[in-house]
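Peer 1: Can you read through this structure? Questions will come right after.
None of the figures in this text is laboratory data; all of them are computed from the coordinates on show. Only a predicted model underlies this, so the values are computations on that prediction, with no experimental measurement involved. A quick note on method: Cβ atoms are made from the backbone with ideal geometry, for glycine too, and the neighbour counts reach across all protein chains shown.
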Amino acid sequence: MVKKDRHVWEIAKARVIVSEREVISVESDPLVKFCPLHEFMGGTKFHTRDTVKKHLERKIKFLFHLCSPNRTVTVDFDGIGYGASETFCTGLKFGLIDSVVEPCDGAGTVITNNPKIVQGIGIAMNALISTSPIPEVISRLKNLGAILLDPVNATLDQTAGVKKAFELGYKKVGVTIAGPNAKEIIKIRAFEKEYDSKAIVCGMHTTGITEDLIPFILQFDLAHGCGSKVMRNIISKKARKKYGRNIPVYAFSEIGQTLLDLREKEMQKEPPKIVIGEFKPPKPLI
């Protein structure tokens, strides 16, 4: 039985449904009304259901062909300063990590040690909630040497992806975990002990997280502040070091700080494509 083509995203905390390369529904109003990255990329001053729809449509039809057979899967340039994919590519370059586990529309959880794939997938990502398999995307990733956790169903399960990477023999695995799923860190750290390996955990999409997740976020190696009031007002004070201004990233462990320090040096040599000079944090923080 062929699984229905359906991809669920979260943009500015609005839930967006894509099917057959069309945005078929924006199911809620965006809670974040302004994002500096979206302003830079799309000229959007204030988020509405319509601007969220147009933002994703642009990524589907013109920029990265998301949710389609032609989905971009390799990129050879940096997008933003301390983005997860950019930071993990730096980690691969300097040997701090040996593989990356990341989500991809049309493929599910992907494991790769190819920096072009890491960036090709990651440069285009918003928060991906669920996805369905796109055979062409899966085939291209496999041909490039990537490992898919579940190519039949395109399952998204970053924690299971870490376990799979350890089983494959990788010892220093970079992985992104969405803020609302922060409790998964307990399983990930347990897998580290079981496989005598290390996961370098980057927290993403933290907007709207609640204070009960603070103890789990603090077990990450690094995490993005996004539009999160909890991250910026509480967790930031417990970080080893802060990087960036508009959308800050916080280091919580020695390896997280080393990784971000290296990324900072790389940016000085080769500035990223997206640089927001003026201080414009997301609004409102939630």
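Peer 1: Mind ranking 132-140, 243-251 by how tightly packed they are, going by the mean number of other C-beta atoms within 10 angstrom, highest first? Could the numbers behind the result be given before it?
Peer 2: Working: 132-140: 18.6, 243-251: 21.0.
The densest-packed peptide leads the list: 243-251, 132-140.
Peer 1: Relative to the Cα centre, what is the charge dipole magnitude of the chain, using +1 at the beta carbon of each Lys and Arg, -1 at the beta carbon of each Asp and Glu, and rounding to the nearest 20 debye? Walk me through the numbers on the way to the answer.
Peer 2: Numbers: 42 positive and 32 negative charges, 110 e Å.
Dipole about the Cα centre, nearest 20: 520 debye.
Peer 1: Quickly estimate the mean residue ellipticity at 222 nm for the chain, helices only: each DSSP H run with n ≥ 4 gives -39500 (n - 2.57), and the total goes over all residues, rounded to 500. Let's see the in-between values first.
Peer 2: Working: 10 runs with 91 residues, N = 286.
When only DSSP H runs of four or more count, the value is -9000 deg cm²/dmol.
Peer 1: Quick one: what Rg and Dmax do you get for the range 158-236 from the alpha carbons, in Å?
Peer 2: 12.7, 39
Peer 1: Another question, then. Grab the eigenvalues of the alpha-carbon gyration tensor for the range 113-197, scale each by 5, take roots, and send me the semi-axes largest first in whole angstrom. Walk me through the intermediate numbers first.
Peer 2: On the way: eigenvalues 95, 52, 31 Å².
Sorted largest first and rounded, they come to 22, 16, 12 Å.
Peer 1: So what's the net charge close to P115: Lys and Arg +1, Asp and Glu -1, counting the other residues with Cβ under 15 Å from its Cβ? Write out the running numbers ahead of the final one.
Peer 2: Values: positive: K93, K116, K172, R263; negative: D76, D78, E86, D98, E102, E266, E270.
So the environment of P115 carries a net charge of -3.
Peer 1: Could you tell me what percent of the DSSP beta bridges with both partners in the range 72-269 are antiparallel, to the nearest 5? Mind showing how you got there, number by number?
Peer 2: On the way: 13 of 25 bridges.
Antiparallel bridges make up about 50 percent of those DSSP assigns within the range 72-269.
Peer 1: Hey, another quick one. Return an integer: the convex hull volume of the alpha-carbon atoms of the range 17-95, in Å³ per residue.
Peer 2: Per residue, the Cα convex hull of the range 17-95 comes to 119 Å³.
Peer 1: Provide the packing ranking of 101-111, 67-77, i.e. peptides ordered by the mean count of other C-beta atoms within 10 Å per residue, highest first.
Peer 2: Values: 101-111: 26.4, 67-77: 17.5.
Packing order, densest peptide first, comes out as 101-111, 67-77.
Peer 1: Turning to a different aspect of this structure: Here is the link list: K13/K53; K13/K33; K172/K273; K187/K237; K242/K265. Which ones come out longer than 20 Å on Cα distance? Don't jump to the answer; show the numbers that get you there.
Peer 2: Working: K13/K53 13 Å; K13/K33 10 Å; K172/K273 28 Å; K187/K237 26 Å; K242/K265 15 Å.
From the list (K13/K53; K13/K33; K172/K273; K187/K237; K242/K265), the Cα-Cα distance tops 20 Å for K172/K273; K187/K237.
Peer 1: Continuing with the same structure: On each of the three principal axes of the Cα atoms of the range 52-172, give max minus min coordinate, whole Å, ordered largest first.
Peer 2: Principal-axis extents of the range 52-172 (Cα, largest first): 40, 34, 24 Å.
Peer 1: Then there is this: Please enumerate, by chain and number, the aspartates and glutamates with C-alpha under 14 Å from the C-alpha of K171, excluding those fewer than 8 residues away in the same chain.
Peer 2: D98, E192, E194, D196
Peer 1: If you don't mind, there's one more thing I want to ask. Quick one: dipole size for the range 1-79, taken about the Cα centre, charges +1 on Lys/Arg Cβ and -1 on Asp/Glu Cβ, in debye to the nearest 20.
Peer 2: Details: 15 positive and 11 negative charges, 40 e Å.
Once rounded to the nearest 20, the dipole reads 200 debye.
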